[in-house]
Amino acid sequence: MDTPAAKTNFIWDAVEQDLRSGRYQSVHTRFPPEPNGYLHIGHCKALVADFLTAEKYGGVTNLRFDDTNPAKEETEYVDGIMADIRWLGFDWKGGLFFASQYYDQCYAIAEDWINRGLAYVCELTAEELRTYRGTLVEPGKNSPYRDRPCAESLDLFHRMRAGEFPEGRMILRMKIDMASPNINMRDPAMYRILYKEHHRTGKTWCIYPMYDFAHPIGDALEGISHSLCSLEYEDHRPLYDWVVEHASNLLPARPRQIEFSRLNLTRTIMSKRYLRMLVEGGYVTGWDDPRMPTLCAMRRRGYTPESIRDFIGRIGVAKADSVVDLALLEHCVREDLGGKAPRAMAVVRPLKVILTNWPEEKRDALEMENHPDHPELGTHQAVLTREIYIEQEDFMEEPPKKYFRMFPGNEVRLKGAYIVKCEGCEKDESGIVTAVYCTVDMDSRNGSEGASRKVKGTLHWVSATESLPFEARLYEPLLMDESDAEAALAADTEESDIASTAPTSSSTLKTDFLKTLNRGSLETCCGYMESYLATAQEGETFQFLRMGYYCKDRDSTAELPVFNRVVGLRDSFAKQVKA
RNA sequence: UGGGGAAUUGUGUAACGGCAGCACCUACGACUCUGACUCGUAUUGUCUAGGUUCGAAUCCUAGUUCCCCAGCCA
């Protein structure tokens, strides 16, 4: 599988320089997820950066689960993440690792540092610690425990491990610089007490290393050359280097951390916290609801790994904050599926058409190509009968200009079948069209002499009696578009301005986020499909002619077979009408 | 008010002192038994102000705007 990435990017430039200068002899990367949730499209950028950077320079990539916080992590996520990475087509040739397997080494380094006066046990409460840390503009103060004897710290640390103290009673801190303008360097925590069962180490430990301590150690122990991560860790790089430097007596390598900007997508939620809120609040049916940006959801919806990798290759890698247009992802999906998805006819919003001059019992089995560009994919039969369904939007009693579908007096072609002429329609009391009447030009059967004359419109159709009902699920983004979201938030502000002048808190942020949810993100339609789709397998994708790509869903609780709309076809007519 | 980053067309990303390119989006056209695909055409850009230079997106100076950081999360 290819990911036609850009020719180069700033990371590869840096890697090449490192190789040329001899700083590193080979390239070894790692992908380090925390197993506290499912992977989403945002993670793919890191996945591709890690795996392709190594591959490009003949190196390998490790998969390492950064499982240093047992309160949040579960085996379910470990399994899910591995399945998602495999699905995308990546292979952790460097090996599978867990940060938790380095707990012994971390512990040894901690003891070493205590002995060397580089770490100390601090008994400040969390609250006190916050005050001692200072602020963004004011330096912090040294902890009163900072200069306690090494032996005392060591003893306390051993007793922390032995489970003699309750959670929060004390922590182990690095001794760096409480006056540093970089807050991360103000004696950061290394170890905290946590009486949580770990998904891999069970109850072996009741103290756990912090990310800033364990991560560089894991990298170095694995011989990672380039440790790629997102921009918010730039401030942590001095700390990363400090850890590696001071533990170098116990570490085999000196990795280099390089940061790049995260992926943001328009109208897409890319925060694990908010995604969890959607799942737990019942706004979606689960982590794999096809509207979610998780890989398991995209897989279920019918996105292909090829299209996702193509997408990631096209967006590039840089350090500037950016928001990629969802349209680019959709383009990649269409491009991939367009070349390989078999074609079929299905009517999503049916309107009955009666072919008045077609004999009641007549059936005509027509040969339909499975793919216009791939004759080797063969054909299937579609049966034409007196009563058929067409798409509601394909008939208008009073058409606008440039409408070349069905309207009274107009001729259109039924795809792969005959040319028909619309003679009129039938409406109910409220004026809704309930049926359309057409006459068939019996000489215009597909392939015959009379079929060669040109008519402007070609419609997809299914027989009313020989098709199968199905459920179409049409998806739109989970978030409103920008202008709607702004309007929704503005309307909300007007109301709350009167009630309160409270500053923005995390709880208002939460409600703000929920206010910008797109209420129309799921539409369910009962349509009819060609009977040849009855054997479609779960995960199989078709192009429903003129409608879009649809993937057979696994939902077995629904009464009808379910097809997810992966993405619609481009529709220049719809755009024209809107404008 | 401290520290760390970033600014190139509507969006994303190239150009590493020498013609601002590519993709998506948008618009128009050709083709069409999918208003799809394909093909063609077009619009729009170097944050600002100075400076260096034959020549600046690129180098220098000053400014502006945006993002990140005060977890015993990662």
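The values are calculated or read from the model by the stated rules, or taken from the named source; none is laboratory data. Note that the coordinates shown come from a computational prediction; the quantities given were computed from them, not determined experimentally. Please note: Cβ atoms are built from the backbone with ideal geometry, for glycine as well, and neighbour counts cover all protein chains shown.
Listed values, structure above:
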{"read-out": "Residue list for the range A:221-238, restricted to those being buried (at least 23 other Cβ atoms within 10 Å of the Cβ) and either part of a helix (DSSP H, G or I) or among the β-branched types (Val, Ile, Thr) (or both)", "value": "A:Ile224"}
{"read-out": "Criterion: surrounded by 15 or more Cβ atoms within 10 Å (Cβ to Cβ), touching a residue at least 24 places away in the same chain (Cβ under 8 Å), near RNA strand B (Cβ under 10 Å from one of its atoms) and under 12 Å from A:Tyr437 (Cα atoms) - qualifying residue of A:Met406, A:Met368, A:Met345", "value": "A:Met406"}
{"read-out": "Residue within the range A:285-297 that is charged (D, E, K, R) and within 13 Å of RNA strand B (Cβ to nearest atom) present", "value": "no"}
{"read-out": "Among residues of the range A:223-254, those that are more than 16 Å from RNA strand B (Cβ to nearest atom) and farther than 24 Å from A:Trp12 by Cα, counted", "value": "7"}
{"read-out": "Members of the range A:183-203 that are free of Cβ contacts under 8 Å to residues at least 60 places away in the same chain and over 18 Å from A:Leu118 (Cα atoms)", "value": "A:Ile193, A:Tyr195, A:Gly202, A:Lys203"}
{"read-out": "Residues that are over 10 Å from the mean Cα position of the chain (by Cα) and under 25 Å from A:Val562 (Cα atoms), drawn from the range A:268-287", "value": "A:Leu275, A:Leu278, A:Val279, A:Glu280, A:Gly281, A:Gly282, A:Tyr283, A:Val284, A:Thr285, A:Gly286, A:Trp287"}
{"read-out": "Subset tally (residues that are surrounded by 12 or more Cβ atoms within 10 Å (Cβ to Cβ), at negative phi and not in a strand (DSSP E or B)) for the range A:415-438", "value": "3"}
{"read-out": "Residue in the range A:439-455 that is over 25 Å from A:Asn357 (Cβ atoms), in contact with a Leu (Cβ under 9 Å, 6 or more places away or on another chain), touching a residue at least 24 places away in the same chain (Cβ under 8 Å) and away from RNA strand B (no atom under 16 Å from the Cβ) present", "value": "no"}
{"read-out": "Qualifying positions in the range A:317-342 - more than 16 Å from the chain's Cα centre (by Cα), part of a loop (DSSP other than H, G, I, E, B) and surrounded by fewer than 20 Cβ atoms within 10 Å (Cβ to Cβ)", "value": "A:Ala318, A:Lys319, A:Ala320, A:Asp321, A:Ser322, A:Pro342"}
{"read-out": "Within the range A:60-75, considering residues that are away from RNA strand B (no atom under 12 Å from the Cβ) and buried (at least 21 other Cβ atoms within 10 Å of the Cβ), the one nearest to A:Cys206 (Cα to Cα)", "value": "A:Leu63"}
{"read-out": "Members of the range A:203-238 that are of a type in the set (Val, Ile, Thr) and over 29 Å from the mean Cα position of the chain (by Cα)", "value": "A:Thr204, A:Ile207, A:Ile217"}
{"read-out": "Flag if A:Glu123 is under 30 Å from A:Ser248 (Cβ atoms) and within 11 Å of RNA strand B (Cβ to nearest atom)", "value": "yes"}
{"read-out": "Residues of the range A:375-402 classified as within 10 Å of RNA strand B (Cβ to nearest atom), free of Cβ contacts under 8 Å to residues at least 60 places away in the same chain and within 40 Å of the chain's Cα centre (by Cα), total", "value": "2"}
{"read-out": "A:Thr266 within 14 Å of RNA strand B (Cβ to nearest atom), β-branched (Val, Ile, Thr) and farther than 14 Å from A:His43 by Cα", "value": "yes"}
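Residues checked against (1) modelled with pLDDT under 95; (2) more than 28 Å from A:Arg300 (Cβ to Cβ):
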| position | (1), (2) |
| --- | --- |
| A:Pro4 | yes, no |
| A:Arg23 | no, yes |
| A:His28 | no, yes |
| A:Pro33 | no, no |
| A:Ile41 | no, no |
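Residues are listed down the side, and each one gets a yes or a no for (1) within 11 Å of RNA strand B (Cβ to nearest atom); (2) closer than 30 Å to A:Phe65 by Cβ; (3) not hydroxyl-bearing (Ser, Thr, Tyr):
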| residue | (1), (2), (3) |
| --- | --- |
| A:Asn142 | no, no, yes |
| A:Cys150 | no, no, yes |
| A:Gly168 | yes, yes, yes |
| A:Arg173 | yes, yes, yes |
| A:Ser180 | yes, no, no |
| A:Thr204 | no, yes, no |
